[in-house]
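A.B. asks: I'd like to ask some things about the structure below.
Every number in this text was worked out from the coordinates using simple rules, so none of it is lab data. None of the values given here were measured: they were computed from a predicted structure. Cβ: placed from backbone, ideal geometry, glycine included. Neighbour counts: every protein chain shown.
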Amino acid sequence: MKAKKKTKMKTHKAAASRFYITGSGKLMRLHAGRSHFRRRKTAAVKRSFGQKEHLTSGDAKRISALIPYAR
């Protein structure tokens, strides 16, 4: 009798395009609010838009389930 294969998990493409994984396996995200109303924001806030930020541990656990093959 043939053994049944497990089905593969599907990657959530919206999550895969929004989150990044570092070499050490940490999840990173971009800052929110960067698309418009940039004139009223301070220079420090606008500079921080270019850098990625670490996800909190609870969010990282939830998002890593959506991107199963990223690690």
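A.B. asks: How long is the gain from Lys8 to Ala65 if the chain were fully straight, where each residue apart is worth 0.36 nm and the alpha carbon distance is subtracted?
C.D. replies: Gain on stretching Lys8 to Ala65: 19.2 nm.
A.B. asks: So which chymotrypsin sites (Phe, Trp or Tyr not before Pro) in the chain pass both tests, a DSSP loop state and at most 12 other Cβ atoms within 10 Å of the Cβ? Can you show the working numbers first?
C.D. replies: Working: sites: Phe19, Tyr20, Phe37, Phe49, Tyr69; in loops: Phe37, Phe49, Tyr69.
Sites meeting the loop and neighbour criteria: Phe37, Tyr69.
A.B. asks: I would also like to ask the following. Please name which of Ile63, Phe19, Thr7 has its Cα lying farthest along the dipole of the chain towards the positive end, using unit charges on Cβ (Lys, Arg +1; Asp, Glu -1) and the Cα centre as origin.
C.D. replies: Working it through, the farthest residue towards the positive pole turns out to be Thr7.
A.B. asks: Now, a different point. Over all pairs of distinct alpha carbons, what does the Kirkwood formula give as the hydrodynamic radius of the chain, in Å? List each step's numbers first, then the result.
C.D. replies: Working: mean 1/r = 0.0687 Å⁻¹.
Kirkwood radius, the chain: 14.5 Å.
A.B. asks: About its Cα centre, what dipole magnitude does the chain give when the only charges are +1 on Lys and Arg Cβ and -1 on Asp and Glu Cβ, stated in debye to the nearest 20? Numbers along the way, then the final one.
C.D. replies: Numbers: 21 positive and 2 negative charges, 60 e Å.
Computed charge dipole of the chain: roughly 280 debye.
A.B. asks: Okay, moving on. Roughly what angle does helix 57-66 make with the longest principal axis of the chain, taking Cα atoms, 0 to 90 degrees, to the nearest 10?
C.D. replies: Value to nearest ten degrees: 50.
A.B. asks: Given the DSSP H assignment, sum -39500 (n - 2.57) over each helix run of at least 4 residues in the chain and divide by its residue total; what's the result at 222 nm in deg cm²/dmol, nearest 500? It would help to have the intermediate numbers written out before the result.
C.D. replies: On the way: 3 runs with 22 residues, N = 71.
When only DSSP H runs of four or more count, the value is -8000 deg cm²/dmol.
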